[in-house]
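First the structure, in the form of structure tokens, and then the observations on it.
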Amino acid sequence: MIPMSIYVLLLVVAIAWTTGVIWMATQQRIGDRESMRRVGIVLSAFGLVLWGLIAMFSFEVVSYSGGETFTHEFTELAYFALVGGALMLFSLLQATIEEINATGGI
């Protein structure tokens with residue numbers, strides 16, 4: 001179970017993180033390409049973990065009101081988290097393939 005405020009904060013951070021990763025991937029002028037591929041791998045992996053947490057926590061979100069505890073399920077946000085996780089997985093695979101091609105192997 002996760003409190004509603006932490007769930008919303010996690011959702012906002014994941015959306016901002018994904019937007020940042022996509023923006024960074026589209027920019028050609030940021031730093032040298034070698035370091036950006038490696039940074040992209042790390043950032044995409046962390047984004048994938050964020051979306052995974054959101055998907056897991058979407059089924060037991062707790063809110064408190066008037067001294068009572070309410071448990072909510074957000075299945076639509078779990079599906080949204082799957083889409084976000086798929087974007088991060090695609091970014092992770094793309095950065096990994098570019099790194100392998102640039103370095104000649106693992």
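The values are calculated or read from the model by the stated rules, or taken from the named source; none is laboratory data. Predicted model, so just to flag it, every value in this text is computed and none were measured. Cβ sites come from the backbone with ideal geometry, for glycine too, and all protein chains shown count toward neighbours. Accessible surface is based on the protein model in full, side chains and every heavy atom, while ligands, DNA and RNA are left aside. Shrake-Rupley method; radii C 1.70, N 1.55, O 1.52, S 1.80 Å.
Restricting the search to segment 61-78, which residues are among the charged types (D, E, K, R) and either in contact with a strand residue (DSSP E or B) (Cβ under 6 Å, 6 or more places away or on another chain) or not in a helix (DSSP H, G or I) (or both)?
E68, E73
Evaluate segment 79-99: report whether one residue or more is in contact with an Asp or Glu (Cβ under 7 Å, 6 or more places away or on another chain), open to solvent by 50 Å² or more (accessible area, probe 1.4 Å) and either in a helix (DSSP H, G or I) or not aromatic (F, W, Y) (or both).
Looking for residues that are in contact with an Asp or Glu (Cβ under 7 Å, 6 or more places away or on another chain), open to solvent by 50 Å² or more (accessible area, probe 1.4 Å) and either in a helix (DSSP H, G or I) or not aromatic (F, W, Y) (or both), one finds none in segment 79-99, hence no.
On the given criteria, is T18 in a helix (DSSP H, G or I) and either in contact with a Pro (Cβ under 6 Å, 6 or more places away or on another chain) or at pLDDT 85 or above (or both)?
Yes, satisfied.
Return the residues of segment 56-72 that are out of contact with any Leu (no Cβ under 6 Å at 6 or more places or on another chain), among the small types (G, A, S) and surrounded by 11 or more Cβ atoms within 10 Å (Cβ to Cβ); say none if nothing qualifies.
Scanning segment 56-72 gives a single hit, S63.
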